[in-house]
Amino acid sequence: MGYPHPIHPKETPVLSKHFGEVEARPYAGWVERGGYVALKKALTMAPDDITSEVKASGLRGRGGAGFPTGLKWSFMPKEDGKPHYLCCNADESEPGTFKDREILRWTPHALIEGCAIAQLAIRAETCYIYIRGEFTEPYHILQRAVDEAYANGVLGANAFGSGRRIDIVVHRGAGAYICGEETAMMNSIEGRRGNPRIKPPFPAVAGLFGKPTTINNVETLAAVPAIINQGAAWYAKLSLSSPKSTGTKLISVCGHVQRPGTYEITMGLPMKELIYDLCGGMRPGRTLKAVIPGGSSVPIMTPEEVENCPTDYEGIVANGSMLGSGGMIVMDDTTDIVHVAMRLAKFYAHESCAQCTNCREGTAWTARILERMLAGEGKESDLGLLLDLAENMTGKTICVLSDSCAAPVVSGIQKFRPDFDRHLNVERPLKTAGV
Amino acid sequence: MSTHETAAHETVFAGAVLAKLEALYPKYPDKRSLLLPALWMIQEARGWISDGSVAEVAETLGLTSAYVRGVVTFYTMYHTHPVGRHFIQVCTTSPCGICGAEDVARALVKETGCGDLGATSPDGRFTVIEVECLGACGFPTPILIDDDFIENVTVDRVPAILARYI
Ligand SMILES: Cc1cc2nc3c(=O)[nH]c(=O)nc-3n(C[C@H](O)[C@H](O)[C@H](O)COP(=O)(O)O)c2cc1C
Ligand code: SF4
Ligand code: FES
């Protein structure tokens, strides 16, 4: 359901069916609702058959990059005799994104079950769930659910009496957006500074503790039990548009809509229906100005681009942006895009791990130039400077945090030029008069 | 980490807290991975992470103090100096920013008497800091007071919320 709102007829509740229902949270309540049936089934399947099923479902990573999940799992070595690891990414820190926390808070056992099935597929006895430090309530709920799963023999040395070991450890972060980047997360779990690592080697070859590792987002893993239960064909058919975008997607919508919240849609639902029907549209008397559809790291869209855009991976790319994490920021005509871009640039400058010069300097300078512009001290040449900086920040660094800072700035200048011009063409007081 | 301790460092990893840490050892292949959990335990017990605590963690986990300090300073939630009795984090990132978060931050600074972001109120009761996205953008403005996550905070609600924290 569109937590905290009742289920809208245009939603497809698979992951969100029990959001808001406290009885679904404890182990017993979850089992009553069909929980852990999929894990029992997976325990009878060959690991590669689980992977094939997930591949056939078309499930793609819900953390931002949209990489096919089954394919990612198939990169893991098979009989190499080394320990393998699964890392579940519950760092959810991308501005606009607040969907994973609903899974963590309402259906923690769905996530545990998804992790356990993935562990069987990739032959990983241990999974670390990395949860951001600020998620105090979700952390306690998740930890209690993990404890319950051990107490009920779901996890541990002999999962459901199968003789297979499945361990899950909840690991708390301590305030660093960059730890959501998969290699930074591995460093953080290892007790290091959260600096992203240079790839290759890729995690499937040498990841956590130097061992083969798969990293998946909370929503990705939570979708796995339904796929095992209802089959890949059922999941693959959940699509209103491109066959490359299948299943349901949680979209967390914030900003200037009447009903912000987390909604679950079938891939391909028109973005306009999402904004106007599910979220109730703009506040009274206001009109749509801009949408950042996939968390702050993707380009800004204009109302024209939103007009005929299906909410899926391909549709949003065709309309000038990306689905990303599914964190949608909706802005009405009261919004100053320069201010939004400045505040996002400050976010990236604050969160840069400072390993790469182009990122460290680029994010800081971008923020400073935009602040100067907002203070009425901008110059026409600043726009060119911002675009130059953006170019030097794109594709030139260890991770894509740097590219992410450039995306809203470049798209802002290209698509919302009048907002920038307004700050450049201000009448300034006479400096010599001392005012 | 400029603050020097006046009193001698009191050990945190003894008794129940040490047992809690040791219970985590089998969950990781090495002791270094216990660093973040250990630092959380220190902060829970002491409120912040002093030089003495850094040394204690280093010794407990077989690391150097310099290494531990390097890690502590990377993560923004670890306090490297004492803070007010109640620590308030307010999100002002764009999605909250366009819904009035900066006004909420100003109201918090004013009502707590902190005077400025990052400063502690003269009575030692509060410290307010501005933070980036708290992952609750649909419920502007979210704030975190100690471990309590509070959503939909508006300027009007600030005094009543603060009254709950003595
Ligand atoms: C700077 C940065 C921050 C990221 N933050 C997150 C995050 O908070 N949650 C997440 O799931 N993925 C995040 N990612 C993406 C992860 O690196 C990774 O691609 C993802 O967790 C893989 O899971 P998936 O294939 O299931 O999507 C981030 C990436 C970057 C570059
Ligand atoms: S791009 Fe930025 S955040 Fe990423 S590794 Fe380089 S400095 Fe760190
Ligand atoms: S921007 Fe404030 S919680 Fe995300």
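The values are calculated or read from the model by the stated rules, or taken from the named source; none is laboratory data. This structure is a prediction, so every number in the text was calculated from the model and none was measured. Please note: Cβ atoms are built from the backbone with ideal geometry, for glycine as well, and neighbour counts cover all protein chains shown.
This table checks each residue for (1) buried (at least 22 other Cβ atoms within 10 Å of the Cβ); (2) more than 16 Å from ligand 3 (Cβ to nearest atom); (3) of a type in the set (Asp, Glu); (4) more than 20 Å from residue A:325 (Cβ to Cβ).
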residue	(1), (2), (3), (4)
A:128	yes, yes, no, yes
A:162	no, yes, no, yes
A:177	yes, no, no, no
A:181	yes, yes, yes, no
A:184	yes, yes, no, no
A:196	yes, yes, no, no
A:202	no, yes, no, yes
A:211	no, yes, no, yes
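Residues are listed down the side, and each one gets a yes or a no for (1) within 22 Å of the chain's Cα centre (by Cα); (2) assigned by TED's automatic domain parsing to the domain that holds residue A:198; (3) within 16 Å of ligand 2 (Cβ to nearest atom); (4) crowded, with 17+ Cβ neighbours inside 10 Å:
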| residue | (1), (2), (3), (4) |
| --- | --- |
| A:329 | yes, no, no, yes |
| A:347 | yes, no, yes, yes |
| A:357 | no, no, yes, no |
| A:363 | yes, no, yes, yes |
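For the range A:216-248: of the residues being away from chain B (no Cβ under 14 Å) and either among the β-branched types (Val, Ile, Thr) or on the phi > 0 side of the Ramachandran plot (or both), which is farthest from ligand 1 (Cβ to nearest atom)? Outline the logic, then answer.
If we filter the range A:216-248 for residues that are away from chain B (no Cβ under 14 Å), which is where we start, we get A:216, A:220-248.
Okay, now just the ones that are also either among the β-branched types (Val, Ile, Thr) or on the phi > 0 side of the Ramachandran plot (or both), so A:220, A:224, A:227-228, A:231, A:246-248.
Working: A:220: 3, A:224: 10, A:227: 14, A:228: 16, A:231: 21, A:246: 14, A:247: 12, A:248: 15 Å.
Per the criteria, the residue is A:231.
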| message | Against the conditions (1) farther than 25 Å from residue A:94 by Cα; (2) acidic (Asp, Glu); (3) within 14 Å of chain A (Cβ to nearest Cβ); (4) assigned to a helix (DSSP H, G or I), where does residue B:102 fall short? Just the number, please. | response | (1)
| task | Considering every residue within the range B:119-133, establish whether at least one is in a loop (DSSP other than H, G, I, E, B) and within 11 Å of another protein chain (Cβ to nearest Cβ). | result | yes
| task | Test each condition in (1) assigned to a helix (DSSP H, G or I); (2) over 24 Å from the mean Cα position of the chain (by Cα); (3) under 24 Å from residue A:156 (Cβ atoms) for residue A:23 and report the one that comes out false. | result | (3)
| query | Does residue B:20 fit the bill of being more than 28 Å from residue B:125 (Cα to Cα), within 14 Å of chain A (Cβ to nearest Cβ) and free of Cβ contacts under 8 Å to residues at least 24 places away in the same chain? | reply | yes
| request: Considering only the range B:134-166, state which residues are more than 14 Å from chain A (Cβ to nearest Cβ), in contact with an Asp or Glu (Cβ under 9 Å, 6 or more places away or on another chain) and part of a loop (DSSP other than H, G, I, E, B). | output: B:154, B:164, B:165
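What are the residues in the range B:83-99 that are closer than 29 Å to residue B:57 by Cα and either in a strand (DSSP E or B) or within 10 Å of chain A (Cβ to nearest Cβ) (or both), if any? Spell out how you get there, then give the answer.
Our first condition is that a residue be closer than 29 Å to residue B:57 by Cα; within the range B:83-99, this holds for B:83-89.
Once the filter is applied, which keeps residues that are closer than 29 Å to residue B:57 by Cα and either in a strand (DSSP E or B) or within 10 Å of chain A (Cβ to nearest Cβ) (or both), the range B:83-99 yields B:86, B:87, B:88, B:89.
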| Residue check for residue A:129: under 22 Å from residue A:31 (Cβ atoms) and not in a helix (DSSP H, G or I) | yes
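Out of A:334, A:357, A:366, which single residue is at pLDDT 95 or above, polar (S, T, N, Q) and closer than 21 Å to residue B:99 by Cα? Spell out how you get there, then give the answer.
Values: A:357 fails: closer than 21 Å to residue B:99 by Cα; A:366 fails: closer than 21 Å to residue B:99 by Cα.
So the residue among A:334, A:357, A:366 that is at pLDDT 95 or above, polar (S, T, N, Q) and closer than 21 Å to residue B:99 by Cα is A:334.
Do we have residue A:295 as away from ligand 2 (no atom under 16 Å from the Cβ), under 18 Å from residue B:95 (Cα atoms) and under 19 Å from the mean Cα position of the chain (by Cα) here?
Working: away from ligand 2 (no atom under 16 Å from the Cβ): no; under 18 Å from residue B:95 (Cα atoms): yes; under 19 Å from the mean Cα position of the chain (by Cα): yes.
Answer is no for this residue.
Looking at the range B:70-82, which of the residues that are crowded, with 18+ Cβ neighbours inside 10 Å and part of a helix (DSSP H, G or I) is farthest from the other protein chains (Cβ to nearest Cβ)? Show your work before the answer.
Applying the first criterion (crowded, with 18+ Cβ neighbours inside 10 Å) to the range B:70-82 yields B:71-72, B:74-78.
Those left that are additionally part of a helix (DSSP H, G or I): B:71-72.
Working: B:71: 6, B:72: 9 Å.
Within the range B:70-82, the match that is farthest from the other protein chains (Cβ to nearest Cβ) is B:72.
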| Among the residues of the range A:56-82 satisfying the criterion of being touching a strand residue (DSSP E or B) at 6+ places or on another chain (Cβ under 8 Å) and not in a loop (DSSP other than H, G, I, E, B), which is surrounded by the most Cβ atoms within 10 Å (Cβ to Cβ)? | A:69
| When the residues of the range A:356-402 are filtered to those that are aliphatic (A, V, I, L, M), in a loop (DSSP other than H, G, I, E, B) and out of contact with any Pro (no Cβ under 7 Å at 6 or more places or on another chain), which remaining residue is farthest from ligand 1 (Cβ to nearest atom)? | A:375
